[in-house]
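All remarks here apply to the structure that follows.
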């Protein structure tokens, strides 16, 4: 590629990394509107000028789906925003979503050469800009599918892995049907990620684009219940199946008081708010109860989403209770930063012991103990060790446990011969194939708990593997 | 959208719907439930499938109008549609030949019990059915139950019909009857009733299965809102149940937990009643 940037590298390095426009913390912590408005056109172009157009772009190595980042950033520079988003869509069919929720700081941007000495190019925000530009100006045109193939493929679950797998297969010309258990499409993007990080309008538009490829979608359809995997093969005539049912089963700490009124799993809390719209009660029927003080247990992105949601629902004090220190938190730095700005109080090195009840069986406090950090454990993070005699009580009325999810067991329990691993995950090989021929799996179902982009990567790898599998079925035996 | 094919009022607040849901009708077994949403913005609520007709592709739901969503639902009629119906969810009732069984239904729980009594009869059991209701007009499915029962006893709290008293009185009389030989009890009704039945049968050492209604959002094991303590363990009613060993269930904890949203449910209720009244007045005009 010939360089199109008229600026010399030294000039590019003088441009500061552009910041996106954000709702002020005081305002946004009482509404559900998106925190970040992203880049305007000027900022996007200026930011694109910072790209050094490296001959060997390391950024792409950091992208789980292998987006041609240098290519699309150069198109931004040329103000060909639609060309840029089309370039992204070659590798990633959900750019408006990834531009918002991908942990770029630990992927593409972490390898950006500009970041070695200065700050990396804001790749994620550029991705979001071009995707939003295309939406705003309604410039989307579905890719032309040149070949039509007869084989029917079922995709189970409409989260990031399922949607990506469906899109990739549809682009190859296969007939794809997506089955979703809930009444709305999107999986964790729908029930898990809050409106203020990923507006449902964006998700709706992205999924419409997948339907525009000819993908058929059944909502209200629980595979393993409404129909089994074997029925999909034998009676429905599917030739291959991708499982992307995620990790939707909440885990609890196992401490006393968890069945009191006022205790939620993060899944329930977020599902009530995001899927059922409980933040608009009584306009919507689904209720949610929020105390004056709320404690969210955990240190991941789900915990951040829950505690920031609690704040928006009116919690005067919103605590994030985590047994290690800030450094070990698995949440994205940006989310931690936003939470701090919004007045979330971090109770670090704090381990909950029991939930205390009032006379009406409602939560009135959380007994905790202080921790200190010991030797590193198998995750490489320093293990938290209790400090004897350090027990104390946090006064609060709502407890939300965000300590991790595991896969829903329904499909595994109703599909003979499907090998499962630790914590109920489905075992796959590098091509996402399971122990059963014709069944592929990916995302949190096989990983146990990861990111949207890794789920998408799995969906993409599986789509190619499914195509290979089907071509193998069709070719005569040697 | 799921079309309502037929509607039948069984009692002043109890309504039966036949709803077109062919995939569910094919798969449904006694004890399964569905999650439904009546319209946009509505709650997801669990309803036990009372019956199904696979040939017609329909399922039967029996609903008592007690809250906002159920009142909204019972205002619908044949030709209207439900926005969402998903299932069949939960584990089917374990049906075996125990010899002699007692089926105890309280209020609208009788509707949930009906398919189980049918299945128990078909499995070769002698089925003694006890139906309880607050008052005469709330007694439902007495004749239907008679078709699959060797005896049907009805109790009303106020004595307005049949035997005055609670189902536990009738059950105790049955268990005390020399040679009644009841080996298992299936009880479905309000939580206090199931608790009382379980307490009674515990003293007789007779296995008792109860079907629990809990707080529930998705119904597929995702929210954990339906959790309860059974034998000291945390269980999810939607995927581990909805039926459990009545002797192991912590009913007191569950009854307290089920009161979590009482005040908010009242708001929803009033809102829907207002809306429905307005619609009715509009229709009258």
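The values are calculated or read from the model by the stated rules, or taken from the named source; none is laboratory data. Quick caveat: nothing in here was measured; it's all calculated off a predicted structure. Ideal geometry is used to build each Cβ from the backbone, glycine not excepted, and the neighbour counts take in all protein chains shown.
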- Count of residues meeting criterion [part of a loop (DSSP other than H, G, I, E, B) and over 21 Å from residue A:370 (Cα atoms)] in the range A:311-330: 4
- Task: Tell me which of these residue B:177 doesn't satisfy, since it passes every other one: (1) in contact with a strand residue (DSSP E or B) (Cβ under 6 Å, 6 or more places away or on another chain); (2) more than 10 Å from chain A (Cβ to nearest Cβ).
- Result: (1)
- Note on the structure: Checked A:131, A:154, A:122 against criteria (modelled with pLDDT of 95 or more, under 22 Å from residue A:440 (Cα atoms) and in contact with a helix residue (DSSP H, G or I) (Cβ under 7 Å, 6 or more places away or on another chain)); the one match is A:154
- Task: Considering only the range A:180-288, give the strands (runs of 3 or more DSSP E) lying wholly within it that have at least 2 residues that are surrounded by fewer than 22 Cβ atoms within 10 Å (Cβ to Cβ).
- Result: A:216-218
- For the range B:50-78, name all the residues that are surrounded by fewer than 19 Cβ atoms within 10 Å (Cβ to Cβ) and under 24 Å from residue B:27 (Cα atoms). B:53, B:54, B:55, B:56, B:57, B:78
- the range A:276-293: number of residues that are within 8 Å of chain B (Cβ to nearest Cβ) and touching a helix residue (DSSP H, G or I) at 6+ places or on another chain (Cβ under 8 Å): 7
- Item | Total residues in the range B:225-244, condition within 8 Å of chain A (Cβ to nearest Cβ) and surrounded by fewer than 24 Cβ atoms within 10 Å (Cβ to Cβ) | 4
- Task: Return only the number of the condition from (1) within 12 Å of chain A (Cβ to nearest Cβ); (2) within 14 Å of residue B:209 (Cα to Cα); (3) modelled with pLDDT under 95 that residue B:250 does not satisfy.
- Result: (3)
- Task: Taking residue A:372 as meeting all but one of (1) free of Cβ contacts under 8 Å to residues at least 60 places away in the same chain; (2) surrounded by 14 or more Cβ atoms within 10 Å (Cβ to Cβ); (3) part of a strand (DSSP E or B); (4) more than 30 Å from the chain's Cα centre (by Cα), write down the number of the exception.
- Result: (2)
- Note on the structure: Restricted to the range A:120-165 and to residues being within 21 Å of the chain's Cα centre (by Cα) and assigned to a loop (DSSP other than H, G, I, E, B), the residue surrounded by the most Cβ atoms within 10 Å (Cβ to Cβ) is A:157
- Pick out the one residue from B:13, B:60, B:70 that is over 19 Å from residue A:225 (Cα atoms) and free of Cβ contacts under 8 Å to residues at least 60 places away in the same chain. B:70
- Message: Looking at B:75, B:180 in this structure, which one is assigned by TED's automatic domain parsing to the domain that holds residue B:33 and touching a residue at least 60 places away in the same chain (Cβ under 8 Å)?
- Response: B:75
- helices (runs of 4 or more DSSP H) contained in the range B:21-136 and holding at least 1 residues touching a strand residue (DSSP E or B) at 6+ places or on another chain (Cβ under 8 Å) and away from chain A (no Cβ under 14 Å): B:68-74, B:109-122
